[in-house]
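Below is one structure, written out as structure tokens; comments come after it.
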Amino acid sequence: MAETGTRTHVERQTATLSIVVPCHNEEACLPLFLSHVARAVGEITETYPETTVELVLVDDGSTDGTATLLRKAGDDHGFPFVIRWLSLSRNFGKEGALLAGLDAADGDIVAVMDADLQDPPALLPRMFAMLRDDPTLDCVATRRTTRAGEPPIRSACAHMFYRLMNVMSPVDVPDGARDFRMMRRRVTDALTSLTERNRFSKGLYAWVGFRTAWIDYPNTRRVAGKTNWNFFELTRYAIEGLISCSTLPLSVASWIGLLLCGIAFGATCFIAVRAAMFGDPVAGWPSLACIVTFIGGLQLMCLGVIGQYLANTYLESKRRPNYIIRDGNIDDGARDTGDA
Ligand code: UDP
Ligand code: MG
């Protein structure tokens, strides 16, 4: 079971709603986050008294007091939910932490959200009600309608990324889509059954499909602490996202190569005919140098694209786990981490 990541849910159903939260250095946000989620869960259990809720908090190799805070919260029984937590052996990145949480989540309905309150917990009751009241719906996802408060350069790059993503890949990821969503067990199982190492969740949500309803909300700022992403990490994440969802760059490289060959062949014929007919001397070396440099650059770029895919294939072929659990109060259900 653990090798494929699929769950034997029927035997292990202990909670109705699981809320999965990846946390990296979030000690400043967590107390406020817990109180906001407690309020939202209170609303849910008031409307649906039969509902039990668990919070699955994943400490992704934090270097601040996050792990201690999670341990304390796990022992605190004053919340309207059970707190299950796990600590990863190092920082595996948000995608690894998210998968660890999804693997550990037991609910029939599973929500995923950030710890910095950028994903408003106040939306949880509405999302839950939508899934409970509409059996034809599999997932309620959210997207930001504005990016106020974000550096303009990041917003511009994000817009460009989504546009590129939607042109290049067969799946559709709406601009502004968040990881914040609530889904039925079948969607969670589909996600955890994908064993790839290079995970780009927004692409995976779209890839697994299912009937999804969207909730729009304006951007909210992080309540405390600072973002875990710098420009280079975001760029790397974007490239990984594109590569994991599309093989179009590989064929674009071939098409550009073919086009350039055609142009070069045409130009050679033209120069040869002109020299034979009119005895024109061939133009000087600067133009030649420019062409050689241009084609050299293009070749390197195409090799780089191929290299990226090769590197990903190499990483996937090692079949290392996406995360390793160091500690926690969850005793079962995590993906097998010993197959590296
Ligand atoms: N996060 C994580 N591991 C990481 C980076 C981030 O678990 O290596 C978590 C982080 O604690 C937060 C969520 O992922 O709950 C989103 O991170 P962040 O707010 O830094 O991203 P942003 O909102 O700036 O895109
Ligand atoms: Mg954030």
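No value in this document is a laboratory result; all are computed from the given coordinates. Predicted, not measured: the structure shown is a model, and the values here were computed from it. We place every Cβ from the backbone using ideal geometry, glycine too, and count neighbours over all the protein chains shown.
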Original post:
Using +1 on the beta carbon of Lys and Arg, -1 on that of Asp and Glu, and nothing else charged, what's the dipole of the range 147-267 about the Cα centre, debye to 20?
Top reply: 480 debye
Subject >> Counted charge near ASN230, where neighbours are those whose Cβ lies closer than 11 Å (Asp, Glu -1; Lys, Arg +1) >> reply: +2
Original post:
Where is the GNM fluctuation largest for the chain (alpha-carbon springs, 10 angstrom cutoff): PRO170, PRO49, PRO125?
Top reply: PRO49
Subject >> Residue with peak Gaussian network fluctuation, the chain [Cα springs, cutoff 10 Å], from ALA38, ALA311, ALA73 >> reply: ALA311
Original post:
From the Cα gyration tensor of the range 176-269, with a ≥ b ≥ c the square roots of its eigenvalues, which class applies: rounded if a/c is under 1.5, or else prolate if a/b is larger than b/c, or else oblate?
Top reply: prolate
**OP:** Rounded to whole Hz and in sequence order, give me ³J(HN,Hα) for the range 54-61 from the Karplus expression 6.51 cos²θ - 1.76 cosθ + 1.60, θ = phi - 60°, writing x for Gly and Pro.
**Re:** 10, 9, 10, 9, 10, 7, 8, x
Original post:
So how much slack lies between ARG221 and HIS159, counting 0.36 nm per residue of separation and subtracting their Cα-Cα distance, in nm?
Top reply: 20.5 nm
Original post:
According to the square roots a ≥ b ≥ c of the eigenvalues of the Cα gyration tensor, what is the shape class of the chain, taking rounded for a/c under 1.5, prolate for a/b larger than b/c otherwise, and oblate for the remainder?
Top reply: prolate
Original post:
For the range 159-221 and the range 246-276, what is the separation of their Cα centres, given in Å?
Top reply: 38 Å
Original post:
Straight-line reach from LYS318: which lysines have a Cα under 17 Å away, not including same-chain ones fewer than 8 places off?
Top reply: none
**OP:** Could you check which residue among MET277, MET160, MET168 shows the biggest mean-square fluctuation in a GNM of the chain with a 10 Å Cα cutoff?
**Re:** MET277
Subject >> Pair HIS77, THR52: separation of 7 Å Cα→Cβ label points (nm) >> reply: 1.4 nm
Original post:
Label points 7 Å out from Cα along the Cβ direction at SER254 and ALA148: separation in nm?
Top reply: 4.9 nm
Original post:
Over the chain, what relative contact order in percent results from Cα pairs under 8 Å that are six or more residues apart?
Top reply: 24 percent
